[in-house]
Amino acid sequence: MQVRIEKQPKSTLKLSISVPSANVKEEYEKAFEEVVKNAELPGFRKGMAPKDMVKQKTDVSKLYGEVINNLLQKYYTQALKENLVMPVSNPRVEIKEFDLEKDFEFTAVLAVKPEVEVGEFRAEIKSNYEKKIDVAKKENEEKLKKGETLSDTHIHLHTNDVIDALLNNSKVEISDLLIDEETEKMMSRLVDQAQSIGLSLDQYLKAQNKTADQLKDEYKKIAENNIKSEFILDKLIKDERIEITDKEVEDMIKASGVPDAEEKLNNTTEKWYIKNILEKNKLITKLMEEMEGENHHDH
């Protein structure tokens with residue numbers, strides 16, 4: 001197998017993979033053996049019909065389809081392993097042609113983890129916080145004039161204040177593949193939600209006074225920001241040395257009161273996912289408390 005890797009813009013790679021025809025034939029023989037084993041032709045016990053007879057009855061395009069799928073899965077995975085490529089999206093695969101006598105060539109375009117540069121976001125969180133304090137002060141001054149009771153002056157930051165500051169002060173280029181994948185997910189979720197209340201997508205769009213393209217563009221923007229903030233937060237979790245213990249993960253699972261808590265405790269993916277959420281929450285809380293604590297001492 002030969003692999004050529006080309007870097008494309010925005011954290012995207014293109015793998016061109018070539019599989020020798022000998023391996024293609026081998027895969028074809030394997031798939032055909034399966035067909036023979038399961039063939040039920042009149043006058044023969046299952047799997048006992050002569051190969052030539054089975055061949056005549058076989059839907060070649062279906063068999064080739066299976067061979068292609070097997071080749072793609074086997075050699076795409078192998079190419080990733082051998083070249084230490086860690087994709088963060090599904091690949092977009094294109095096949096040149098399929099011929100048993102020729103090498104099998106295909107390309108796979110995939111998204112990889114982007115480089116993240118985090119800038120001076122703390123200054124922006126601080127100015128957001130100070131603006132909130134100013135607004136609250138003004139409101140209280142107005143209330144004083146009218147003789148109304150004053151509101152609590154302890155102002156809290158919101159998660160969005162932190163996320164927006166991070167997005168505005170970081171550089172990260174996300175692959176279009178990832179954004180498209182996330183946008184598609186959001187669109188299909190929307191279709192499901194609309195259907196659950198008996199609306200078609202067209203009816204929903206009419207009600208919102210939008211075209212499908214407008215909605216898709218909006219979702220694209222949201223998807224891009226969501227993915228960006230995920231990567232930025234992941235980098236900051238490392239930079240700020242945020243750590244979550246296994247015990248915290250277990251406590252969270254137990255406290256959530258879900259019926260299958262025991263299963264979740266034994267599921268590595270599930271635990272990793274919950275750990276990741278807890279790390280992000282801990283990081284955001286830390287950044288908010290830093291700001292609020294600092295300002296608390298100032299007043």
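State yes or no: is residue 207 touching a Phe, Trp or Tyr at 6+ places or on another chain (Cβ under 8 Å), without any contact (Cβ under 8 Å) to a residue 24 or more places away in the chain and either within 21 Å of residue 10 (Cβ to Cβ) or in a helix (DSSP H, G or I) (or both)?
On the way: touching a Phe, Trp or Tyr at 6+ places or on another chain (Cβ under 8 Å): no; without any contact (Cβ under 8 Å) to a residue 24 or more places away in the chain: yes; either within 21 Å of residue 10 (Cβ to Cβ) or in a helix (DSSP H, G or I) (or both): yes.
Criteria not met by residue 207.
Select from segment 241-269 the residues that are in contact with a helix residue (DSSP H, G or I) (Cβ under 6 Å, 6 or more places away or on another chain) and under 30 Å from residue 120 (Cα atoms) and list them in ascending order.
Within segment 241-269, 242, 244 qualify.
Across segment 40-86, what is the number of residues that are without any contact (Cβ under 8 Å) to a residue 60 or more places away in the chain and either open to solvent by 60 Å² or more (accessible area, probe 1.4 Å) or not in a helix (DSSP H, G or I) (or both)?
Qualifying residue count for the region: 31.
Can you tell me how many residues within segment 107-165 are touching a residue at least 24 places away in the same chain (Cβ under 8 Å) and among the basic types (Lys, Arg)?
4
In segment 144-196, what residues are buried (at least 17 other Cβ atoms within 10 Å of the Cβ) and part of a loop (DSSP other than H, G, I, E, B)?
155, 157, 169, 174, 175
Of the residues that make up segment 197-207, is at least one touching a Leu at 6+ places or on another chain (Cβ under 7 Å) and of a type in the set (A, V, I, L, M, F, W, C)?
yes
Please work out if residue 247 is in contact (Cβ under 8 Å) with a residue 12 or more places away in the chain and either under 23 Å from residue 287 (Cα atoms) or part of a helix (DSSP H, G or I) (or both). Let's see the steps before the verdict.
On the way: in contact (Cβ under 8 Å) with a residue 12 or more places away in the chain: no; either under 23 Å from residue 287 (Cα atoms) or part of a helix (DSSP H, G or I) (or both): yes.
Judged against the criteria, residue 247 is not a match.
So, residue 261, is that one of a type in the set (Gly, Ala, Ser) and either modelled with pLDDT of 85 or more or open to solvent by less than 60 Å² (accessible area, probe 1.4 Å) (or both) or not?
Numbers: of a type in the set (Gly, Ala, Ser): yes; either modelled with pLDDT of 85 or more or open to solvent by less than 60 Å² (accessible area, probe 1.4 Å) (or both): yes.
When the stated conditions are applied, residue 261 passes them.
Out of all the residues in segment 235-244, which are open to solvent by less than 50 Å² (accessible area, probe 1.4 Å) and without any contact (Cβ under 8 Å) to a residue 12 or more places away in the chain?
Just the residues of segment 235-244 that are open to solvent by less than 50 Å² (accessible area, probe 1.4 Å), to begin with: 236-237, 240, 242, 244.
The answer is none; no residue qualifies.
The values are calculated or read from the model by the stated rules, or taken from the named source; none is laboratory data. Note that this is a predicted model, so its numbers are computed, not measured. Note that we place each Cβ from the backbone using ideal geometry, even for glycine, and neighbour counts take in every protein chain shown. Accessible surface areas use protein heavy atoms only, side chains included; no ligands, DNA or RNA. Shrake-Rupley method; radii C 1.70, N 1.55, O 1.52, S 1.80 Å.
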